[in-house]
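K.L.:
Please find one structure pasted underneath; my questions will follow.
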Amino acid sequence: MKQQITQLSVIVRDYDEAIEFYTKVMKFDLIEDTKRSEDKRWVVVSPAGGTGCTILLAKAKNEEQLARVGNQTGSRVFVFLHTDDFWRDYKHLSENNVQFKGEPREEEFGTVVVFSDLYGNLWDLIQAK
């Protein structure tokens, strides 16, 4: 049996502001932006050059979903973003006013720092050893 996770969703307040953040600040590729109805779009982004899991930017449609924007995992790190050049990406995120939760640190597995996305979801930026 072979399985893989191909996509996960991040609840967002607004499609366009989310696209702006993920494509400009995170430097992700916009894979798809298809209008599904008057107020629903299918918006998919992926790390530049990535061949793995993509992210569906899902606009909150009610108060319950709006309450989850930015805290989908109870303040735990939500996504682990691996990079081939930690300091390049750290510098780019810093220059784009991304909020870091501490300083970069060396761990047994590599260099890592926790940061917040546009909405407050926590991410690890990691360059493995």
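The values are calculated or read from the model by the stated rules, or taken from the named source; none is laboratory data. Predicted model only: the values in this text are computed from it and were never measured. As a convention, Cβ positions derive from the backbone with ideal geometry for all residues, glycine included, and neighbour counts pool all protein chains shown.
K.L.:
Taking ALA58 as meeting all but one of (1) surrounded by fewer than 13 Cβ atoms within 10 Å (Cβ to Cβ); (2) within 15 Å of LEU118 (Cα to Cα); (3) free of Cβ contacts under 8 Å to residues at least 60 places away in the same chain, write down the number of the exception.
P.N.:
It fails just one condition, (1).
K.L.:
Can you tell me which residues in region 94-109 are more than 24 Å from ALA18 (Cα to Cα) and either surrounded by 14 or more Cβ atoms within 10 Å (Cβ to Cβ) or of a type in the set (D, E, K, R) (or both)?
P.N.:
GLU103, PRO104, ARG105, GLU106, GLU107, GLU108 - these are the residues of region 94-109 that are more than 24 Å from ALA18 (Cα to Cα) and either surrounded by 14 or more Cβ atoms within 10 Å (Cβ to Cβ) or of a type in the set (D, E, K, R) (or both).
K.L.:
Considering only residues that are closer than 15 Å to THR51 by Cα and exposed (fewer than 13 other Cβ atoms within 10 Å of the Cβ), which ones fall in region 1-31?
P.N.:
Matches in region 1-31: GLN4, ILE5, THR6, GLN7.
K.L.:
Still on this structure, I have one more. Where residues in region 74-92 are hydrophobic (A, V, I, L, M, F, W, C) and under 17 Å from GLY49 (Cβ atoms), which of them is farthest from the chain's Cα centre (by Cα)?
P.N.:
Of all residues in region 74-92, those hydrophobic (A, V, I, L, M, F, W, C) come to 77-81, 86-87.
Narrowing the set further to residues that are under 17 Å from GLY49 (Cβ atoms) leaves 79-81, 86.
Values: VAL79: 7, PHE80: 9, LEU81: 8, PHE86: 16 Å.
Among them, the one singled out is PHE86.
K.L.:
Filter region 7-47 for residues that are at pLDDT below 95 and of a type in the set (Ser, Thr, Tyr) and give the result.
P.N.:
Once the filter is applied, which keeps residues that are at pLDDT below 95 and of a type in the set (Ser, Thr, Tyr), region 7-47 yields only SER37.
K.L.:
Please go through region 89-105 and give me each residue that is more than 17 Å from LYS129 (Cβ to Cβ) and either among the charged types (D, E, K, R) or not in a helix (DSSP H, G or I) (or both), ordered by number. Can you show your working first?
P.N.:
Within region 89-105, the first condition is being more than 17 Å from LYS129 (Cβ to Cβ), and the residues that meet it are 91-103.
Passing the criteria: LYS91, GLU95, ASN96, ASN97, VAL98, GLN99, PHE100, LYS101, GLY102, GLU103.
K.L.:
Can you tell me which residue within region 4-31, out of those that are outside any strand (DSSP E or B) and hydroxyl-bearing (Ser, Thr, Tyr), is farthest from TYR119 (Cα to Cα)?
P.N.:
Our first condition is that a residue be outside any strand (DSSP E or B); within region 4-31, this holds for 4-6, 13-28.
With the extra rule that they be hydroxyl-bearing (Ser, Thr, Tyr), the set shrinks to 6, 15, 22-23.
Working: THR6: 22, TYR15: 12, TYR22: 11, THR23: 15 Å.
My answer is THR6.
K.L.:
Give the residue that is nearest to GLY74 (Cα to Cα), with candidates limited to residues of region 106-129 that are of a type outside the set (A, V, I, L, M, F, W, C) and in a strand (DSSP E or B). Don't jump to the end; show me each part of the working.
P.N.:
Step one: list which residues in region 106-129 are of a type outside the set (A, V, I, L, M, F, W, C), which gives 106-108, 110-111, 116-117, 119-121, 124, 127, 129.
Cutting the leftovers down to in a strand (DSSP E or B) gives us 106-107, 110-111, 116, 124, 127.
Values: GLU106: 25, GLU107: 24, GLY110: 25, THR111: 24, SER116: 13, ASP124: 15, GLN127: 25 Å.
Top of the filtered list is SER116.
K.L.:
Got a number for residues in region 32-63 being polar (S, T, N, Q), assigned to a loop (DSSP other than H, G, I, E, B) and touching a Ser or Thr at 6+ places or on another chain (Cβ under 9 Å)? Before the answer, list the steps.
P.N.:
Keep residues of region 32-63 that are polar (S, T, N, Q), which gives 34, 37, 46, 51, 54, 62.
Imposing the further condition that a residue be assigned to a loop (DSSP other than H, G, I, E, B) reduces the set to 37, 51, 62.
Now narrow it down to the ones that are touching a Ser or Thr at 6+ places or on another chain (Cβ under 9 Å): none.
Qualifying residue count for the region: 0.
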